[in-house]
Structure formats: structure tokens, C-alpha cells
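First the structure, in the form of C-alpha cells, and then the observations on it.
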Amino acid sequence: MKLRRRLSLKLLLLLGGCFIARAEEIPMPHELTVNMLYNTGQVFLNGYPVSTPLEEAIVHQENYQFIEISKQHPTFGWMIASSKNNTDQSAYRLLIASDEHLLIRDSADLWDSGKVSSGQSINIPYGGRQLETGKVYFWKVKIWDNHGNESPFSEISRFKTSDLFLDYSTDRYPLQKEDDYPVAMKRLNENTHIADFGKASFGRLRVSLYSCTGTDTVTIHLGEAFKEGRVDRSPGGSIRYSRYTVIPKKGRNTYVIAIRPDKRNTGPQAVLMPRYIGEVTPFRYCEIENYTHPLQEKDLVRETAFYPFNEKGSYFHSSDTVLNQVWDISKYSIKATSFLGIYIDGDRERIPYEADAFINQLSHYGVARDYSMARYTHEYLIHHPTWPTEWILQSVLMAWADYMYTGNRLSLEHFYDDLKAKSLTALADQNGFISSRTGKVTPEVLQSIHFDGKLRDIVDWPHTGILGLEKEEGGETDGFVFTDVNTVVNSYHYKALTVMAQIAEVLGKESDLQFYTKRADNLKKLFNKHLFDKKRGVYVDGMGTDHASLHANMFPLAFGLVPEKRVDKVLEFIRSRGMACSVYGSQFLLDALYDAHDAEYGLQLLTSTDERSWYNMIRAGSTITMEAWDNKYKPNQDWNHAWGAAPANLIPRKLMGIEPLEPGFRKIRIKPQPGSLESAEIKYPTIKGDVFVSFINRPGESFRLEVDIPANTTAEIQLPFLSKQQTVLMDGRPVPHRQEKGFSVIETVESGRYTFMVKR
């Protein structure tokens with residue numbers, strides 16, 4: 001009996017040990033961030049990532065680049081991995097030290113937070129001893145989950161403080177380089193070689209050449225376009241072509257082609273390239289003339305510049321091949337156009353514009369886990385606004401998107417007064433409509449929005465009769481009639497008012513909350529009273545005209561101004577106009593369609609192969625989204641414009657339906673709207689972790705949805721409503737749900753992997 005008891009006790013201890021070991025075997029926190037930046041210890045040498053330790057690089061700074069943290073009280077964050085459903089963080093312990101060896105011993109001389117009972121895993125403010133400027137610090141973190149498990153400490157991460165602390169700033173990554181080689185090469189004749197890098201990118205050429213005499217003259221052509229088997233020497237518009245001459249030295253040598261600065265995109269208003277990257281030009285093709293020796297792929301290197309970008313951070317694939325191509329060009333465009341570290345309007349000017357930036361921001365969120373470039377651009381535009389009235393208003397929209405995707409309110413707090421001014425309430429008449437044409441744009445108003453110029457309504461771009469467009473070509477405004485009270489401008493103003501009310505609520509500004517809420521409610525009533533034609537069931541372009549354009553209807557629908565009873569007629573009119581808007585306008589057209597649940601027409605536009613489509617950009621020969629649907633719609637257009645990459649956000653946000661319901665993706669809405677699309681899958685990066693969504697769709701019959709929701713979040717799932725008799729299953733079992741506007745809504749789903757099925 002004693003032996004049996006001893007054996008039983010031994011067995012229990014062993015089992016207990018196993019249980020304890022299992023409890024500790026949850027993954028360590030990963031993807032550590034400081035001020036929402038990842039890999040803060042990464043060092044670059046003239047733009048190329050190197051393995052040099054950060055503490056060594058700061059001693060020899062001349063050619064090294066690295067992240068510098070400019071706040072004395074930075075914020076910290078991490079991601080939580082778990083194989084269990086319904087996993088939340090219950091507590092954390094954060095260690096920060098001046099010496100890595102202290103952390104190895106689980107000790108810290110600057111801050112040991114102790115075990116903090118909190119589910120917060122992002123935007124945690126520093127709470128230790130005062131940090132010093134120009135120093136390298138080390139940190140790690142461990143967490144406890146709601147299942148009683150304790151993780152190991154994370155890997156040790158490091159960061160460097162800047163040489164000067166600032167009260168407020170947005171820290172950024174250094175620009176990066178990578179070497180690209182041709183995907184195809186062809187020798188046209190004895191003297192001419194053609195190289196194709198597969199896709200255009202911003203960079204410069206490094207070429208290895210051989211000369212027997214040292215007296216040869218080699219001509220190099222770089223370009224975005226190809227014509228009749230050669231680099232197009234006259235591509236038109238702002239499509240890039242450049243020609244360079246090299247006189248090789250005797251023997252084999254390597255040469256870096258110094259890109260000539262363009263007078264326009266390197267002028268006083270343009271954002272300039274840093275010296276460690278050098279001047280760049282966009283090109284896909286390289287043609288080498290007057291060179292008789294063999295030339296191999298390894299002899300040609302394109303030094304491509306971009307903002308750090310994880311190619312594997314996102315993916316999308318569907319049963320529609322056109323849609324897949326549209327996604328691919330849109331995703332790549334976000335990376336390719338990031339070469340300045342700020343959202344710009346393409347290579348023609350290299351100037352940030354609010355309209356470009358807002359679309360770029362949403363699209364960047366859709367394909368990469370980076371928030372610094374969007375925030376920096378938005379804050380740059382606060383003090384460097386552009387001339388269109390509506391674009392000033394988009395600053396408010398950018399600020400709110402930043403908060404919803406990051407959960408970080410510091411930018412809202414710092415720029416709150418600027419955002420109030422950019423809501424343009426100062427331009428309102430006694431009724432609440434705003435106008436830039438009635439004498440209300442005073443010097444005081446301009447000063448408040450940091451603008452020195454003339455505000456003008458834009459609606460869409462270009463207008464009729466400019467930039468080489470003749471009157472019969474109509475521009476991109478669908479014949480919009482400009483009046484003092486502009487429907488599009490006031491649609492934007494309404495949206496800005498509703499957003500300002502939300503910002504005021506977040507920041508505890510109660511009187512402002514009431515002010516903006518009342519203004520928005522009043523404007524909505526006036527808008528529908530004075531700008532809606534009841535007989536035709538459409539919105540007119542403004543007060544004083546009966547002309548109704550696509551823009552006067554899609555913007556009110558996109559911004560929540562259309563009462564439910566009027567939606568069908570407005571949608572009918574919108575469908576009748578087709579894609580009668582620019583690449584810029586298409587963002588809001590598709591937003592309007594999906595928000596009104598016209599998924600089929602949305603899919604039709606996304607997969608269109610007409611001339612006015614994203615597919616036409618591919619057919620035209622571009623590998624980066626273009627500024628316009630085709631050269632004829634904007635004769636000076638460029639082939640590297642990220643505002644054309646709207647599908648990079650429309651596909652994940654609207655078609656796949658992934659959006660933050662609460663700031664920082666504390667709660668996620670997953671609301672796929674497939675239309676007739678048979679199947680699709682996506683990996684979508686968020687600040688809390690990756691969201692995976694896939695579906696199989698049998699329209700009108702069944703819908704199968706698989707989701708993987710990151711730990712420490714929850715989700716609201718909305719499934720297509722097929723019939724009143726439909727069954728809704730979650731992992732094979734009926735699940736409580738409610739019906740809302742054509743969807744079956746499951747309000748709260750905990751983190752983890754689930755399969756949902758809807759059957760008619």
C-alpha cells in the first residue's frame with residue numbers, strides 16, 4: 001500500500017509538473033514596438049539593412065541610419081500569439097534597462113513595471129526613470145493570459161533616443177534600398193541589349209561594363225514604357241524616360257548612374273531625397289546601346305528605394321483573375337511609391353496632397369503593418385495644405401482614420417485646434433452650408449488652416465478644358481455645375497462635422513461634442529431639403545442648378561447623408577453614370593456602393609476591363625497604378641500615382657469587410673460582401689495581429705466563412721442574409737444572431753479560429 005501511495009504521489013507530481021510546464025508554454029510576445037515602430041534596433045548602411053549592432057552604429061554614424069525615438073516618454077506595444085480560442089491578455093510585466101546584461105538576468109535599472117493587471121498591449125506609456133538623449137536602451141516583456149498561463153519573456157529589443165527630445169513628433173523609419181536584377185534580358189543586335197526588371201520602381205542603375213580600349217561611349221536608356229521592342233523615348237505626359245552616357249574605363253568596372261534631378265520635382269515645394277539614398281527615377285526597362293560585349297543579369301542592378309515594407313505582411317487571392325491582378329498592382333503601388341517616406345502625388349511634383357494622402361493612408365493600412373508614414377504625412381499636411389476646399393476637410397478624416405487603426409490619441413490631442421479649423425465651420429452661412437465663394441475666406445481663416453493662397457472647390461480632377469482636355473472631353477467631373485453652395489463640398493463638411501464630434505468625445509471635449517453634433521444634424525436636414533430633387537430622386541450639384549452629377553450623389557451616399565428611403569433611387573442614378581469620375585473619385589464611389597450594400601455593382605467596377613478601369617492600367621503597360629484611367633483623360637498624367645491604388649483598401653475594407661469597430665482594432669468588424677464572387681481569402685495586418693478571412697460563396701444558396709481573429713481582440717461577424725428560414729452555424733452549431741439590413745449579425749466573437757455557415 002505504501003509503495004502504491006508513493007507511486008501515485010510520484011505520478012501526480014509528474015503530471016502536475018507537466019501541467020505547469022504546459023501553462024508556461026504559451027508563445028512569447030512578438031512584434032515589439034516603440035512609438036508604433038517595429039524593429040527599432042535595425043541598422044542600415046547607406047540604405048541597405050546590415051547586422052551591425054545599434055550600439056556600435058551610433059559610434060560611427062556617418063554612413064549608418066537607424067530609428068531615433070524623439071519622445072522622453074515613448075509608448076510600447078507587442079502582439080500576442082495563441083493557439084487557443086478566446087485568449088486575452090490579463091497582465092504584463094515590462095522591463096527596460098540601460099544594459100542588455102541586466103535584462104538577461106530578468107532585471108532592469110530604468111523600469112520594472114511589475115505585474116500589471118491590464119489587457120492593454122499597445123500604446124503603453126513609459127513609466128520609469130528619466131531617459132537620456134542619444135542613448136541605446138533595451139527592453140522586453142512577458143504576459144499572462146486569461147487561461148492562467150504565463151509566457152516567457154520576449155526577445156530583447158533595443159531602441160535609440162534622439163539627440164534632442166521633442167514635446168511632440170512622429171518618429172519614422174529610415175528609407176531602405178534593395179537590389180533588383182532583370183527578370184529578362186535580350187540582345188537585339190551586336191550593339192544593343194534590353195533588360196526588363198519586371199516592374200517599375202524608383203531607383204538608380206548600377207552597371208558593370210567591360211572595355212578593351214577605354215574609349216568606348218555607351219548609351220543607357222531608362223524608362224517606364226516600352227514601344228516596338230525598345231524603351232519608349234517619347235512616352236508622353238509625365239511618364240518617365242531618361243538617357244545617360246557612360247565612357248567605360250579599360251577593363252571591367254562598375255558604374256552607378258547618377259540620376260539627373262528634375263527641375264519640377266526637386267524644386268522648393270517638393271520633398272527631396274536624402275543624400276544616403278541619392279536621386280532616383282522610376283523605370284522598368286533598361287536599354288544599353290553601343291556595347292558589343294556580352295551582358296548578363298548580374299551586370300545590371302537596380303538600386304530600388306522604398307519605405308520598409310514586408311511583402312509577406314498581406315495577401316489576397318480570389319476566384320476572379322482580374323480582381324487578383326487589380327489587387328497585385330494596387331499592393332505593389334503602395335510599396336513602390338513609398339520611396340520618399342511621405343505620401344506624394346507621383347513623380348511629377350513630389351508634393352503631398354490631402355486627397356492623395358487619404359487614399360494612400362487607407363491603402364497602406366490594407367497591405368502593411370505601418371502607421372508612421374500615414375501619420376507623418378497627415379501631420380505634414382496640417383502645416384502644408386493644398387488649395388482644394390474639400391481636400392482641406394480631408395485632414396479631419398485622416399486624423400480619425402489614424403486613431404481608429406492605431407488606438408493612439410496623441411496626434412488628435414496635439415493637433416486638435418488645427419483640426420477644428422480644418423472642419424471649415426468658419427465658412428458657414430447662417431443656415432450651416434459652407435462656401436469658399438461668398439467672401440468668408442478671410443485672412444484669419446487662411447491663417448487658422450496654415451494656408452497662403454486661394455481656396456477653390458475641386459469636386460474631381462481634372463476639370464473640363466484644362467491640361468490639354470478639350471470641352472467635348474468633359475474632364476472628370478461628370479459635367480458638374482459649380483455654384484456658391486456646392487453639394488460635394490458640403491458633403492465633405494458634413495462628414496468632417498460628424499468626425500469632429502467623435503474626436504471631441506474621445507478627448508472629453510463635451511461642449512465641442514454638442515456643438516459639432518448639433519451642426520451635423522442641422523446640416524443633414526438642410527442638405528436633404530435644399531439639395532435633393534424629389535421628382536427625380538437625385539441630389540443636384542448645388543443651390544441654383546438642376547444638374548445632377550455622379551459626384552453630387554456618390555459623396556452624400558458615401559458620407560451618410562442619404563436617408564434610407566432615398567437610397568434605392570440614388571443608387572439607380574449612380575449605376576446609370578458608370579465610372580464617370582476620376583481614379584480619385586472611384587474611392588468614394590466604391591465606398592458608397594458597398595456601404596449601401598450594392599456589392600454586385602461594386603464587384604463589377606473592381607473587375608471591369610473597360611477603358612475606365614484598374615485593369616486598363618495594366619493593359620496600358622504600367623506596373624504601378626496610374627494618375628488617370630488612361631492617358632487621354634489626363635494628358636500630363638504619370639504612371640506612379642498611389643491614389644490609383646484604392647483597391648488595396650477597398651478589397652480588404654469593403655469586399656472582405658475588415659474594419660476596426662473600436663480604436664486600435666480592440667474590436668473588429670468582419671462583414672464580407674462578395675456579390676457573385678465565388679471564393680476569396682485574405683491576410684490583413686492590424687496593430688493587434690493578422691486577421692485571416694476566407695469564404696466560399698454560392699449566391700442565394702449558401703455562404704461559408706472562415707476567420708482567424710487575433711488574440712486580445714474580439715470581432716463582430718456579419719453574414720449574408722439569404723432568407724428568413726436560413727440557418728446560421730458557428731463551428732457546426734446554431735449560433736444566436738440578429739438580422740440587420742440584409743445581414744445576420746453575431747455581435748461578439750472571441751479571438752481564435754471559427755467556421756461559419758449560412759444555408760438557405
Any strands (runs of 3 or more DSSP E) falling wholly within the range 648-760 and containing at least 2 residues that are within 23 Å of residue 591 (Cα to Cα) and in contact with a helix residue (DSSP H, G or I) (Cβ under 6 Å, 6 or more places away or on another chain) = 658-660, 679-686
note = Only unsatisfied item for residue 413, checking (1) surrounded by 20 or more Cβ atoms within 10 Å (Cβ to Cβ); (2) not in a loop (DSSP other than H, G, I, E, B), is (1)
remark   = Of the residues in the range 713-739, those that are over 22 Å from residue 698 (Cβ atoms) and among the charged types (D, E, K, R) number 2
task = Go over the candidates 630, 610, 595 one by one and state the one that is touching a residue at least 24 places away in the same chain (Cβ under 8 Å), of a type in the set (D, E, K, R) and within 23 Å of residue 328 (Cβ to Cβ).
result = 610
key: Filter result for residue 65 (closer than 23 Å to residue 306 by Cβ and at pLDDT below 95)   = no
task = Test residue 417 against the criterion of being at pLDDT 95 or above, within 30 Å of residue 666 (Cβ to Cβ) and within 12 Å of the chain's Cα centre (by Cα), and give yes or no.
result = no
message = Condition first: of a type in the set (Asp, Glu) and within 21 Å of residue 319 (Cα to Cα). Now tell me which residues in the range 591-608 satisfy that.
response = 598, 600
request  = For residue 251, indicate whether it is of a type in the set (Gly, Ala, Ser) and closer than 26 Å to residue 617 by Cα.
outcome  = no
remark   = The number of residues in the range 370-394 that are surrounded by 23 or more Cβ atoms within 10 Å (Cβ to Cβ), in contact with a Pro (Cβ under 7 Å, 6 or more places away or on another chain) and not aliphatic (A, V, I, L, M) is 1
key: the range 676-707 - residue that is acidic (Asp, Glu) and under 20 Å from residue 82 (Cα atoms) and, of those, nearest to the chain's Cα centre (by Cα)   = 690
query = Which condition number in (1) basic (Lys, Arg); (2) buried (at least 18 other Cβ atoms within 10 Å of the Cβ); (3) modelled with pLDDT under 95 is the one that residue 264 fails?
reply = (2)
task = Considering each of 242, 234 in turn, give the residue that is under 26 Å from residue 620 (Cα atoms), among the hydroxyl-bearing types (Ser, Thr, Tyr), modelled with pLDDT of 95 or more and exposed (fewer than 14 other Cβ atoms within 10 Å of the Cβ).
result = 234
query = Residues of the range 427-459 being among the acidic types (Asp, Glu) and either within 23 Å of residue 521 (Cβ to Cβ) or surrounded by 13 or more Cβ atoms within 10 Å (Cβ to Cβ) (or both), which ones?
reply = 429, 457
ask   = Being farther than 23 Å from residue 499 by Cβ, outside the structural domain of residue 197 (by TED's automatic domain parsing) and within 13 Å of the chain's Cα centre (by Cα), is that true of even one residue in the range 368-376?
value = yes
ask   = Is there a residue in the range 272-290 that is over 23 Å from residue 642 (Cβ atoms), part of a loop (DSSP other than H, G, I, E, B) and either of a type in the set (Asp, Glu) or over 29 Å from the mean Cα position of the chain (by Cα) (or both)?
value = yes
ask   = So which residues in the range 148-205 are closer than 30 Å to residue 241 by Cβ, among the acidic types (Asp, Glu) and either more than 30 Å from the chain's Cα centre (by Cα) or at pLDDT below 95 (or both)?
value = 190
query = Here are 434, 458: which of them is assigned by TED's automatic domain parsing to the domain that holds residue 392, modelled with pLDDT of 95 or more and touching a Pro at 6+ places or on another chain (Cβ under 6 Å)?
reply = 458
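The values are calculated or read from the model by the stated rules, or taken from the named source; none is laboratory data. A quick note: this is a predicted structure, and the numbers were derived from the prediction, not measured. Here Cβ is always computed from backbone atoms with ideal geometry, including for glycine, and neighbour counts include all displayed protein chains.
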